[in-house]
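Asker: Sharing a structure here in structure tokens format.
The values are calculated or read from the model by the stated rules, or taken from the named source; none is laboratory data. Quick caveat: nothing in here was measured; it's all calculated off a predicted structure. Here the Cβ positions follow ideal geometry from the backbone for every residue, glycine too, while neighbour counts run over all protein chains shown. Each accessible area value is taken on the protein alone, full model and side chains, heavy atoms only, with ligands, DNA and RNA left out. Shrake-Rupley method; radii C 1.70, N 1.55, O 1.52, S 1.80 Å.
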Amino acid sequence: YSTDFEVHRNWLAITHSLPVSQWYYEATSEWTLDYPPFFAWFEYALSHIAKYFDPQMLVVENLNYASHATILFQRLSVIFTDTLFIYAVHECCRCINGKRAAKDILEKPTFILAVLLLWNFGLLIVDHIHFQYNGFLFGLMLLSVARLCQKRYLEGALLFAVLLHFKHIYIYVAPAYGIYLLRSYCFTANNADGSLKWRSFSFLHVTLLGLIVCLVSALSLGPFLVLGQLPQVIARLFPFKRGLCHAYWAPNFWALYNAMDKALTILGLKCNFLDDKKIPKASMTGGLVQEFQHTVLPSVTPLATLICTFIAILPSVFCLWFKPQGPRGFLQCLVLCALSSFMFGWHVHEKAILLAILPLSLLSIQRAKDAGIYLILSTTGHFSLFPLLFTPPELPIKILLMLLFTVYSFSSLKSLFRREKPLLNWLETIYLIHLVPLEIFCEIVFPLTPWKQHFPFVPLLLTSVYCALGITYAWLKLYVSVLTERISVRQKAE
């Protein structure tokens, strides 16, 4: 089992054994409670079932406790809560129009979408092998998306507000929700040319949305506000001292930035431009989760990442406002917000790529261009999750599961768009094919070389940097597609 298994066991123990006033102060374990209050209450509810499996798992001092009953309960809890994800997928499939009708059920867009979501490789290994509750959380997100597509705006807003207080990483996509609700719900009509009819602004609708946000926030944060602990909760949710990058660099812009700094450092040392004695000895790829200084390039602060993220998100938000396309435009903006935050965010985890891959699945079955972007992003993003499963017995499992999902993704989407041009060009195909020799080198060749003793971080560095190139390319390609897309006056009016 993974460290996340112990994280959630510890949270079960904290919420079950301690009063609410101590939840966000308890620090017996290094895995302190750092999720919003709704998730803490979720763990509290689970703990009252867990005590019937093994009450010892609920003792705070029992660090790294992993009895068979504990493992069984943890695994079953993930499977059970995935029922919400299954329901959300069903609702999303109901939102898909039937323009591409097929006689064979296996070629129907709704069937393909269901498989792409329910059997998503990344979600499967992160939740059911590594261990987390992402299926339950993504279920809330997809259900909120479905409700917005069904024009049930208040339900969608409520679900997303609740989701934010379960896991705050979803704040990445909050701009897409905010602008779409403002454009589609708070303004109730457009002019004939598709432009906004300013007189259609509904104060009632804004008030209802505001009430939803305030009530959910009050329910979540209110108890800690009364206890005077809100600053402590915020400090736990946003621990900026953890550093720019996670122990394994997420494959984003900062991975490329760090790699460039490393390369320039090595070059500087060889050319005697740098003094070896003045270079920090702590490696950014040695598994450390802390603040550090770059050697050659300017060091990055949390404020710098915030500014970069804001700038990266801005064009997608403008498109959602000035080039409205209904639910499709909302999904495009949501994916771009998720990808932009992944690319430039502070201390991003590699698992956050799923926040873009899953909603992009809904777009992939509608247009060939989006299908091609999905294949690049999902293949590269899923491959970047391989380091999460690092033991020898897990190697054939992750490779087989990845192959099954990837082969299905390519074959089903190719069949769906067989009358159109190829989904990938030759350069994109070559890039994806080279993931195979990269995996062979990292898993088989490198461990047999003497470099393993001196440079153990090399496989992680290569995986991160190579995948960062593909994810950056997919992000740029989607942005270009959205910014250059022309929409008719009729579409705007609708």
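Asker: Excluding same-chain pairs closer than 8 in sequence, count the lysine pairs in the range 346-494 whose Cα atoms lie under 25 Å apart.
Answerer: 12
Asker: Using +1 at the C-beta of Lys and Arg and -1 at the C-beta of Asp and Glu, which of LEU360, SER67, TYR185 has the Cα lying farthest in the positive direction of the dipole of the chain?
Answerer: About the Cα centre, the residue reaching furthest to the positive side is TYR185.
Asker: State the cysteines of the chain left without a partner when partners are defined as other cysteines whose beta carbon lies under 4.7 Å away.
Answerer: Among the cysteines of the chain, those whose Cβ sits 4.7 Å or more from every other are CYS92, CYS93, CYS186, CYS214, CYS245, CYS271, CYS308, CYS319, CYS333, CYS337, CYS442, CYS467.
Asker: What translational diffusion coefficient, in µm²/s and rounded to a whole number, does the Stokes-Einstein relation yield for the range 240-493 at 25 °C and a viscosity of 0.890 mPa s, taking the hydrodynamic radius as the Kirkwood radius over Cα pairs?
Answerer: Working: Rh = 19.8 Å.
Rounded to a whole number, D works out at 124 µm²/s.
Asker: Would you mind putting 253-264, 112-123 in packing order, based on average other-beta-carbon counts within 10 Å, highest first? Present the calculation step by step, with values, prior to reporting the outcome.
Answerer: Details: 253-264: 19.2, 112-123: 21.2.
Put in order of decreasing packing, that is 112-123, 253-264.
Asker: Further, regarding this structure: Answer with one residue from TRP254, LEU320, PHE121: the one whose Cα lies farthest towards the positive end of the charge dipole of the chain, charges on Cβ with Lys, Arg +1 and Asp, Glu -1.
Answerer: Checked the options; the winner is LEU320.
Asker: A further question on this structure: Return the aspartates and glutamates within reach of LYS262: Cα separation strictly under 17 angstrom, same-chain partners fewer than 8 residues apart disregarded; answer none if there are no such residues.
Answerer: Partners within reach: ASP275, ASP276, GLU291.
Asker: Given a cut-off of under 8 Å on Cα pairs at least six residues apart, what relative contact order in percent is computed for the range 240-493? Before the final figure, lay out each step's value.
Answerer: Working: 262 pairs, mean separation 75.2, N = 254.
Averaging sequence separation for qualifying contacts and normalising by length gives 30 percent for the range 240-493.
Asker: Using +1 on the beta carbon of Lys and Arg, -1 on that of Asp and Glu, and nothing else charged, what's the dipole of the range 240-493 about the Cα centre, debye to 20? Each step should come with its number before you reach the end.
Answerer: Numbers: 22 positive and 12 negative charges, 150 e Å.
Dipole of the range 240-493, to the nearest 20 debye: 720 debye.
Asker: Using the Kirkwood radius over Cα pairs, work out the Stokes-Einstein diffusion coefficient for the range 149-215 at 4 °C and 1.567 mPa s, in µm²/s as a whole number.
Answerer: On the way: Rh = 12.8 Å.
The diffusion coefficient I find is 102 µm²/s.
Asker: While we're here: How large is ³J(HN,Hα), in whole Hz, for each residue of the range 350-358 in order, when computed from phi with the Karplus curve 6.51 cos²θ - 1.76 cosθ + 1.60 and θ = phi - 60°, using x for Gly and Pro?
Answerer: Per residue, the Karplus-derived 3J(HN,Hα) values read 4, 5, 5, 5, 5, 5, 9, 5, 5 Hz.
Asker: Now for a different question. How big is the Kirkwood radius of the chain, worked out from every pair of different alpha carbons and given in Å to one decimal?
Answerer: 24.2
Asker: Which value, in debye to the nearest 20, gives the size of the charge dipole of the chain about its Cα centre, when Lys and Arg are +1 and Asp and Glu are -1 at the Cβ?
Answerer: Numbers: 38 positive and 28 negative charges, 363 e Å.
Charge dipole of the chain: 1740 debye, to the nearest 20.
Asker: When you count, for each residue, the other Cβ atoms within 10 Å and take the mean per peptide, how do 63-70, 3-10 rank with the highest first? Provide the component values of the computation, followed by the final result.
Answerer: Working: 63-70: 14.1, 3-10: 19.8.
Going by the mean number of other Cβ atoms within 10 Å, highest first, we get 3-10, 63-70.
Asker: Could you size up the charge dipole of the range 1-138 around its Cα centre, putting +1 on the beta carbon of Lys and Arg and -1 on that of Asp and Glu, and report it in debye to the nearest 20? Could the numbers behind the result be given before it?
Answerer: Working: 8 positive and 13 negative charges, 153 e Å.
That gives the range 1-138 a dipole magnitude of about 740 debye.
Asker: How far apart, in nm, are two points set 7 Å out from the Cα along the Cα-to-Cβ line at VAL60 and at ARG418?
Answerer: According to this spin-label approximation, the distance is 6.2 nm.
Asker: A further question on this structure: Compute the relative contact order of the chain as a whole-number percentage, counting only Cα pairs closer than 8 Å that sit 6 or more residues apart in sequence. Before the final figure, lay out each step's value.
Answerer: Values: 613 pairs, mean separation 86.5, N = 494.
Relative contact order here is 18 percent.
Asker: If I model a spin label as a point 7 Å beyond the Cα along the Cα-Cβ vector, how far apart are those points for GLN453 and SER481 in nm?
Answerer: Rounded to a tenth, the inter-label distance reads 4.9 nm.
Asker: Another question, if that's okay. Could you check how much of the accessible area of the chain is carbon and sulfur, as a whole percent, using a 1.4 Å probe?
Answerer: Values: 16180 of 23360 Å².
It is 69 percent, rounded to a whole number.
Asker: Per residue, what accessible area does the chain have, given a 1.4 Å probe and all protein chains present, in Å²? Mind dumping the intermediate values first?
Answerer: On the way: 23360 Å² over 494 residues.
Normalised by residue count, the accessible surface of the chain is 47 Å².
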